[in-house]
Amino acid sequence: MHGRRATITRKTAETELRISLDLDGRGAHTISTGIGFFDHMLTHIAKHGVFDLEIACTGDLHVDQHHTIEDVGIGLGEAFATAIGDKAGLVRSGHAYMPLDEALAFAAVDLSGRPYTVVDMGFLGRDIAGIPPDLFGHFVESFAASMRANIHIKTLAGVNDHHKAEACFKALARALDAATRVDPRRQGDIPSTKGTL
């Protein structure tokens, strides 16, 4: 399938953002937000979701990381929503388990049109590579809201917060990959008994 792409630009007093997404990519990525560990997590979305993804964000990091992480979540959700379009023929939902050493994460995604998030990454309450742990959940909330998706993420096991975060983002990527695939059996039908999503 061709043309499932989007480019989003967003400029506020807090951030300047450009995102390009190709759902039918091969995992190519160029990501720069000024927050190294966050870039690492976003790279997993591209690589494990097999999406081509470019993200360039300049934010007010002299204030803190909140605005950058939030706005990338909003912009990335908008990019997915635009690239997905009317959802005709989509699988619509997907889930994945992802282990990483002692950590195990689960993610489920439903492109339902009804944004809702349940996130329990099981962090220990301290910063992860300098990022306050609540910002990871806030990223997922911002992403789900602008994509209009239902997303659940849960850490099922783990001791190391770096491993937990990485497993969660990899699981999210694989769930997104599954949900955004086209099911040829649907022949372009909307995957809902309502007839619209």
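The values are calculated or read from the model by the stated rules, or taken from the named source; none is laboratory data. Keep in mind the model is a prediction, meaning the values are calculated, not measured. Don't worry about glycine lacking a Cβ; one is built from the backbone with ideal geometry, like all the others, and counts go over all protein chains shown.
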Tally, over the range 1-47, of residues that are over 17 Å from Thr68 (Cα atoms), loosely packed, with under 14 Cβ neighbours inside 10 Å and of a type in the set (Gly, Ala, Ser): 2
Residues of the range 145-197 that turn out to be part of a loop (DSSP other than H, G, I, E, B), under 23 Å from Ala79 (Cβ atoms) and acidic (Asp, Glu), as a count: 1
Checking Ala56 against (1) within 22 Å of His29 (Cβ to Cβ); (2) touching a Leu at 6+ places or on another chain (Cβ under 8 Å); (3) surrounded by 19 or more Cβ atoms within 10 Å (Cβ to Cβ), the condition it does not meet: (3)
Inter-residue pairs, beta-carbon under 6 Å, first at pLDDT 95 or above and in the range 117-133, second part of a strand (DSSP E or B), 6+ apart: Thr117/Ile151; Val118/His152; Val119/Ile153; Asp120/Lys154; Met121/Thr155; Gly122/Thr155
Failed item in (1) surrounded by fewer than 21 Cβ atoms within 10 Å (Cβ to Cβ); (2) within 16 Å of the chain's Cα centre (by Cα); (3) hydrophobic (A, V, I, L, M, F, W, C); (4) within 25 Å of Leu17 (Cα to Cα), with Ile69 passing the rest: (1)
Qualifying residue in the range 162-177 (condition: at positive phi and out of contact with any helix residue (DSSP H, G or I) (no Cβ under 9 Å at 6 or more places or on another chain)): no
Selection count, the range 84-105, where residues are buried (at least 18 other Cβ atoms within 10 Å of the Cβ) and aromatic (Phe, Trp, Tyr): 0
Candidates Thr43, Thr15 - the one that is touching a Ser or Thr at 6+ places or on another chain (Cβ under 7 Å) and among the hydroxyl-bearing types (Ser, Thr, Tyr): Thr15
Boolean, Gly113 is modelled with pLDDT of 95 or more and part of a loop (DSSP other than H, G, I, E, B): yes
Selection count, the range 136-162, where residues are surrounded by 21 or more Cβ atoms within 10 Å (Cβ to Cβ) and among the aliphatic types (A, V, I, L, M): 6
Selection count, the range 32-83, where residues are of a type in the set (Asp, Glu), assigned to a helix (DSSP H, G or I) and more than 16 Å from Gly137 (Cα to Cα): 1
Only one of Phe136, Phe123, Phe143 that is among the aromatic types (Phe, Trp, Tyr) and within 19 Å of Gly94 (Cβ to Cβ): Phe143
